[in-house]
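Only one structure is covered here, and it is reproduced in the block below.
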Amino acid sequence: MQNLITTGNTPTMSSREIAELTNKQHRNVVRDIKAMLEELGMDVLSFEHIYRDALNREQTEIRLDRELTETLITGYSIALRHKVIRRLHELEQKAAVPAIPQS
């Protein structure tokens, strides 16, 4: 699993992590996200982020807040929804715990 990623103070989940949790191909999760955002009238570009893969190539992922992640996964199976919602709760708990300053 990836480390906690936040946009502002809001924990987000990446399309790569959603793909991993749901055992779906990343490109298919991205397709589903793009269709969802288009239907909601939202600009997908504002959710895209660049990361470097294992070969140090720039790749694109999409980061969603809890509400959009839940909106996306309501179309998936009950077991997959549960898995992703459990992970969202973990991310929120990590975001709620203040970081311990290192001396």
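The values are calculated or read from the model by the stated rules, or taken from the named source; none is laboratory data. No experiment lies behind these values; they were computed from the predicted model shown. Ideal geometry is used to build each Cβ from the backbone, glycine not excepted, and the neighbour counts take in all protein chains shown. Surface accessibility is based on the protein's heavy atoms, side chains included, excluding ligands, DNA and RNA. Shrake-Rupley method; radii C 1.70, N 1.55, O 1.52, S 1.80 Å.
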- Task: With a cut-off of at least 2 residues that are at pLDDT 95 or above, name the helices (runs of 4 or more DSSP H) lying wholly within the chain.
- Result: 15-22, 26-39
- Within the stretch 75-94, identify whether any single residue is out of contact with any helix residue (DSSP H, G or I) (no Cβ under 9 Å at 6 or more places or on another chain) and touching a residue at least 12 places away in the same chain (Cβ under 8 Å), and answer yes or no. yes
- When every residue in the stretch 28-73 that is in contact (Cβ under 8 Å) with a residue 40 or more places away in the chain and open to solvent by 20 Å² or more (accessible area, probe 1.4 Å) is compared, the one farthest from the chain's Cα centre (by Cα) is 32
